[in-house]
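Just so it is clear, none of the values below were taken in a lab; they were calculated from the coordinates. Computed from a predicted structure; not experimentally measured. Don't worry about glycine lacking a Cβ; one is built from the backbone with ideal geometry, like all the others, and counts go over all protein chains shown.
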Amino acid sequence: MNYLLVPIIAVAIAFIGLKLFRWWKVLDKPGNDLKNTRKPVPTIQGIFVYLGFFIIVALLFPEYLHNNLFWGLIVGSLPIVVFELMEELNYIGKISFKVPPSLRLVGHIGWALLAVWIGSFAPQEISINGQLWIIPQWLLAGWFALRAILCINAINRFDGIYAQASGVSSVWFLTIFLLIEFVVFKHYTNFTDTNMETLLFVQNMSFVLFCVSLVSTVVEYKPLGLLRDVGIMFFWFSLAYLSVVWWAKIGTLIVALSLVIFDAIWVWLWRMFVMKKNPLNGDYTHLHHRLLGLWWTRKEVRWFVWIWSSIMMIFILIQWTDRTNKIIIFVVMALVFFGINYYLFVVKKLPCGLPMHK
C-alpha cells in the first residue's frame, strides 16, 4: 500500500468539502455556550469524511470493492450518516423535518445487524482457560449492535470541544494499525488465509481512517470547519465494526478506550446517586465539562485527552501479548481516574461540570 497517498487524498477531499460548503453557505451557528464567539465556519464536514473514506478505498484498494467486510461497514454506517446529516441540517435551518430519536435508535440497531449479515461475519473462536469456544454469527450480530450503540452514544456525549473526539479517534485507529503490525504479525504465525485476509483488511482500513480522522482533527482545531455527529459517529461505528471483525484483540481496545468508558461510568453514577435523575438526561457533567469547570482552557482539555489516549496506546503496545499487564494497567488507570474525581467533586465539593444554559 502506498501510505503517502492516503493522507494526500484525505487532505484534498477535506479542502474540497470546506470550499464547497462555504460556497453553498452550509455554515454553523456560533453561540456563547461551549462554542467560541467567532464567525460561522463550514459545518457537517462529516459527510466528506464518509465520502472521503469510500473514495480513498476505491482508488487505492479497489479489491475491497468486492469484499463483503467493506460493504458491511459502508452500508451499516449509512443510516448514521443520513440521520445525523438530517439532524444537523434541521439545526442550522436548512430543513424543517426532525428525525424522531426512537426512529434513529431503531435504524442504528437494524442497520448494525444488517452490517453483520452483509459483512458475512464468520463464527469466531475464543479460548477461555484453554477451552475453545465458538461464537456463532447471531451472537456476534447482537454483540456488535450493542457495541455500536454504546460507542456512538459514548462519543456523542464526549464530543463537546472542537477536535477532541476526532483527535481521540485518530489515536485509536492508529492503535489498531500498530497492534496488528507490531504485535499480531510479530508474535503470531499460525494464520489461515481467511484470518490473514481479515487482519490485512482491518489494518488497511484502520490506517485510512487514522489519516482521515487526523486531517479532521486539524480541520476542527481552529476551527476551519466542523465534523458534527455525522463524522464523529461514523468514526466510532467504524471502530466498533473493526474491533468485532478483529475479535481477538477486543480487550486491548477496551483498554485503549478507557477514558471514554471511565467518563461514561462516572457521569451515570453522578446523575443517579448525586443528581437523583435519569442518567439518560443530558447535562454538562462530562469530563471536558468538569475540566472547564475547574478553569482549564479548551486547548488544555484537548491536549489532556489526547495525551492520556496516546499514553494508553503506548502502554498497551509495549505489553505485547501480556493480557495480565493490560488488565493491571486498566485497573490502575480506573483507580486513578475515579480517585481523583471522587476527591475533587465529592470530598472537596468542587463544581462537577458546567451549569446548563437555555
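Remark on I135: its backbone amide H falls under 5 Å from those of Q124, E125, I126, a criterion applied only to residues 5 or more positions apart or on other chains, H modelled at 1.01 Å from N.
A crude spin-label estimate for the pair K276 and V347, with each label 7 Å from Cα along the Cβ direction, gives 2.6 nm.
Model label points for I16 and N325, set 7 angstrom from Cα along the Cα-to-Cβ axis, are 4.5 nm apart. Cα convex hull, segment 284-347: 79 Å³ per residue, rounded to a whole number.
Short-range pairs are left out: with C-alpha atoms under 8 Å and at least six residues apart, the relative contact order of the chain is 21 percent.
Between the amide H of L27 and those of T43, distances stay under 5 Å, these residues lying 5 or more places away or on another chain, with hydrogens modeled in the peptide plane. When the Cα gyration tensor is reduced to axis lengths a ≥ b ≥ c, the ratio a/c is 1.5 or higher for the chain, and with a/b not above b/c it is classed as oblate. Helical runs (DSSP H, four residues minimum) scored at -39500 (n - 2.57) apiece and divided by the length of the chain put the mean residue ellipticity at 222 nm at -22000 deg cm²/dmol. Panel order for I44, I161, by other beta carbons found within 10 Å of each beta carbon, from fewest to most: I161, I44.
Take 10-17, 183-190 and order them by the average number of nearby Cβ atoms within 10 Å per residue, most first; the result is 10-17, 183-190. Over its Cα atoms, what ratio of radius of gyration to 2.2 N^0.38 Å does segment 74-226 give? Against the compact-globule rule of thumb, the ratio is 1.23. With semi-axes defined as the square roots of five times the eigenvalues of the C-alpha gyration tensor, the equivalent ellipsoid of segment 181-244 measures 31, 13, 8 Å, largest first. State whether segment 206-358 is rounded, prolate or oblate according to the following rule on the C-alpha gyration tensor (a ≥ b ≥ c being the square roots of its eigenvalues): a/c under 1.5 gives rounded; otherwise a/b larger than b/c gives prolate, and the remaining case gives oblate. Oblate is the answer for segment 206-358, as a/c is 1.5 or above yet b/c matches or exceeds a/b.
Pairs K299/K349; K19/K299; K39/K276; K98/K277; K39/K348; K277/K349: which exceed 31 Å Cα-Cα? Could you put the intermediate results ahead of the total?
Working: K299/K349 25 Å; K19/K299 26 Å; K39/K276 39 Å; K98/K277 26 Å; K39/K348 39 Å; K277/K349 19 Å.
Over 31 Å apart, Cα to Cα: K39/K276; K39/K348.
Pick out which of L257, L132, L78 has the largest mean-square fluctuation in a Gaussian network model of the chain, springs linking Cα atoms closer than 10 Å. Comparing L257, L132, L78 in a Gaussian network model of the chain, the most mobile one is L132.
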